[in-house]
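The values are calculated or read from the model by the stated rules, or taken from the named source; none is laboratory data. This one's a predicted model, so the numbers in the text were calculated from it and none came from an experiment. Because the Cβ atoms are built from the backbone with ideal geometry, glycine has one as well, and the counts that use them run over all protein chains shown.
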Amino acid sequence: MRRRCRSGMLLLASAVAVAASSLPSPFPVDANMPDHSSYTIDVDFEPVSRLLAGELVLDWRNNTGQVQESLYFRLYPNAPHYGDGSTGVSEVTVDGQAVDARLLLDRTVLELNIGHDVERDDRAEIAMTFETVVPSTSDASFGILGGDPGAGWQLADWFPILAGWEDDEGWYLDPPTRFGDPTYADSATFDLEFSAPDDYEVLGSGATVEETVNLVTDQVTTIIETSPGRDLTLSLLFDDEAGSIETTERSIAGSAVRVSLPRDEALPGLGAAMLEIAAETLPLYETWFGEHHDRELDIVAASLSGASGVSWHGIVWLDVDAIARDGQLSDRTLDTLRFVLVHELAHQWIAGIVGSNNNDHGFMTEGLANIVTVLAIREAHGVEVADRVLRTWVAGGYLAMLESGIDGVTDAPVTDESDIVTRSQLIYGKGALGFEAIRQAIGNDAFFAGLAAYATEYRFQVSNPNDLLNAFEDAGSVDLDDLWSFWFDEERTTLADVDAILTGFAIH
Ligand SMILES: [Zn+2]
C-alpha cells in the first residue's frame, strides 16, 4: 500500500488482479463455504493516547446449529497481562433495539442478551461503539498488541469479536493465558474504515480498496475488505519520510505477496529471500490445502516477544532481529528464515482457513504446521535438507526433554500454570513427530489425501482432534486409534520411538 499521494485528496488503490494458480488444485472453489457473518468497523486511531475508538456492526449469521438467545464477545485487551490496555463497549443494540450487555467476571467476555431467540441459520445485527486502549506494555501474548507512536503498531485482537463456537463445547469463553494465542473465532468477512495520522503505512488482513488523505488534518482513511478469516490484524509501520520502509513485492500463485521492512531491518537481499521462500511454498500449500482466499499477503517485520513469527489472516509477522541474529543474510539466517516463514505460511491454512482451537489443542496447529513445514522443505530442497530440519528444528528440543527423563501429554490445553517450555516441546516437537508417525504408517499419498479431505471438510469451519484423526483413518483405511493415542494422549514415548520415526523419514 505504498501508493499514497499528497497531490490530491483521493487516491484509489485498486485490489490486485487475481490470476489463476499455476498448480492444479483438488479443491473446488467455495465448495464448502458457509454463509458467513460479516463485520463492519469504522475506527479512528489516535497514537499519542493509544486510543482506537469507533463503531462496530456485526451482521451475524447463526451458524451454531442451535437456537441462541445470548451472544458473547471477546474483549481481549482487558486481559490482566495487558496492564493498562482495555476495551470498553457501549450503546449495544440488536436489530436496532437496545439490549442488556454485561462484562462477565473475566472482563474479556461481554455477554449480551438478544431479547429473543435467533433460530439456526437466521441472522441478527449487533451494533456497538467501542474504545480500545492499546497496552503500553506488550510483552505478553508474544507482543501481538502494542507499539508506540514513533516506531509503529501491531494490532491483533483489538476490537470486540464474537467468541468462537465449538459444537461439542459451545462458546469458547476461557480466560486468555499469558502464554496463549487468544485469537479464536469463527470465520467472518470484515469491512474496515481505519483513520490514522499520515505517519504510518497500514498493512494487514484483506485488501485496501481505497485510501483517502485529508491534507488539512494529515489523517489517512484506509478502507479494507477481506475474504473470510478469523481475525482482522493490522501493522502500522512508521513511515514519516520517503524510503523509511523497504517494500518488495512478487506475484505468487495468483497472490500479491509483499514484504515490508523498516530500513534499519532491511538487510540487503532479505526481502527477496523471503519472497523466494514464499514462492517455493505457497503453491505447494494451495495444492495440499486448497486455495488461499486472500489475494494479498503481507510479510511484515514485527517486534515480538517469545516468538520469531506469528501468522494472521493475510499477514505474517517476522521478528527480523530474532531470525537474523548475526545481522547478515548468512546461511544460518537463511536456514532460520526458511523454517520460520514456511511454518508461518502454513498457518494461513492451519488454523486460519481450516479452524481449530489453538489454545486447547495446540498440536493440531503447531505440530501439524511443523511437519508440513518439513515436508514442504523436502519438496523444495530435497530429503537431506528436510531431514536436518526435522532433527534440529522440530525434534531436537523434545529429544533433549526425553533424554532428561521428561515426557508429557501432547493434546493438553495451555494454561497459566503450564511449564511453557515443556508444553511447547510437546506441542511443536512431539506433536510433529506424531503426525510424521502417522505419515509413515499410512504412506505419503494417504497422508496427503487425508490432509486434503480434512482441509476441504473444515474449510472456514472449526475442527477438533477426532476430525483430523478420522480424516487420516479414512484416507489410510486403517484404525489409527492406538498410534494417535500413543503420540498425542499418552506419555510413554522413548528415545527409541523417536529414533525410529527420524530414521523412517528419509525412506517414506
Ligand atoms: Zn506456529
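General remarks:
- Leading residue by the ranking (nearest to the ligand (Cβ to nearest atom)) among those in the stretch 347-368 that are farther than 19 Å from Gly290 by Cβ and touching a helix residue (DSSP H, G or I) at 6+ places or on another chain (Cβ under 9 Å): Glu366
- Residues located in the stretch 399-419, provided they are surrounded by fewer than 15 Cβ atoms within 10 Å (Cβ to Cβ) and among the aliphatic types (A, V, I, L, M): Ala400, Ile406, Val409
- One residue stands out among those in the stretch 58-71 that are more than 23 Å from the chain's Cα centre (by Cα) and touching a residue at least 60 places away in the same chain (Cβ under 8 Å): the one that is surrounded by the most Cβ atoms within 10 Å (Cβ to Cβ), which is Leu71.
- Selection from the stretch 448-461 of residues that are out of contact with any Phe, Trp or Tyr (no Cβ under 7 Å at 6 or more places or on another chain) and either at positive phi or surrounded by fewer than 23 Cβ atoms within 10 Å (Cβ to Cβ) (or both): Ala449, Ala453, Glu457, Tyr458, Phe460, Gln461
- A single member of Glu344, Glu296 is within 16 Å of the ligand (Cβ to nearest atom) and more than 21 Å from Asp186 (Cβ to Cβ), and it is Glu344.
- Qualifying positions in the stretch 440-468 - under 12 Å from Val354 (Cβ atoms) and without any contact (Cβ under 8 Å) to a residue 60 or more places away in the chain: Ala453, Asp467
- Those residues of the stretch 299-318 which are more than 12 Å from the ligand (Cβ to nearest atom) and within 12 Å of the chain's Cα centre (by Cα), in sequence order: His313, Gly314, Ile315
- Close pairs from the stretch 358-383: first under 19 Å from Ile507 (Cα atoms) and hydroxyl-bearing (Ser, Thr, Tyr), partner part of a helix (DSSP H, G or I) and within 15 Å of the ligand (Cβ to nearest atom), Cβ under 7 Å, at least 6 apart: Thr373/Phe339; Thr373/Val342; Thr373/His343; Thr373/Ala346
- Per-region count, the stretch 206-235, residues surrounded by fewer than 19 Cβ atoms within 10 Å (Cβ to Cβ) and closer than 14 Å to His293 by Cα: 1
- Meets criteria (part of a strand (DSSP E or B), touching a residue at least 12 places away in the same chain (Cβ under 8 Å) and of a type in the set (A, V, I, L, M)) for Ala185: no
- Count of the stretch 279-301 residues which are part of a strand (DSSP E or B) and charged (D, E, K, R): 2
- Among the criteria (1) more than 21 Å from Thr493 (Cα to Cα); (2) more than 16 Å from the ligand (Cβ to nearest atom), the one Ile377 does not fulfil is (2).
- Test: Thr248 is in contact with a Gly (Cβ under 6 Å, 6 or more places away or on another chain), of a type outside the set (Gly, Ala, Ser) and surrounded by fewer than 23 Cβ atoms within 10 Å (Cβ to Cβ): yes
- Just one of the listed residues (Gly314, Gly306) is at pLDDT below 95 and either within 21 Å of Gly152 (Cα to Cα) or among the polar types (S, T, N, Q) (or both), namely Gly306.
- Just one of the numbered conditions (1) modelled with pLDDT under 95; (2) out of contact with any strand residue (DSSP E or B) (no Cβ under 6 Å at 6 or more places or on another chain); (3) on the phi < 0 side of the Ramachandran plot is not true of Asp122: (1).
- When the stretch 478-508 is filtered for residues that are surrounded by fewer than 17 Cβ atoms within 10 Å (Cβ to Cβ), touching a helix residue (DSSP H, G or I) at 6+ places or on another chain (Cβ under 8 Å) and not in a helix (DSSP H, G or I), the ones remaining, listed by number, are Val478, Asp479, Arg492, Thr494, Ala506, His508.
- Every test in (1) at pLDDT 95 or above; (2) away from the ligand (no atom under 16 Å from the Cβ) is passed by Gly327 save one, and that test is (1).
- Count of the stretch 74-103 residues, restricted to those that are surrounded by 13 or more Cβ atoms within 10 Å (Cβ to Cβ) and over 21 Å from Ala140 (Cβ atoms), is 7.
- The set of residues in the stretch 187-240 that are farther than 18 Å from Ala156 by Cα and of a type in the set (Ser, Thr, Tyr) comprises Thr212, Thr217, Thr221.
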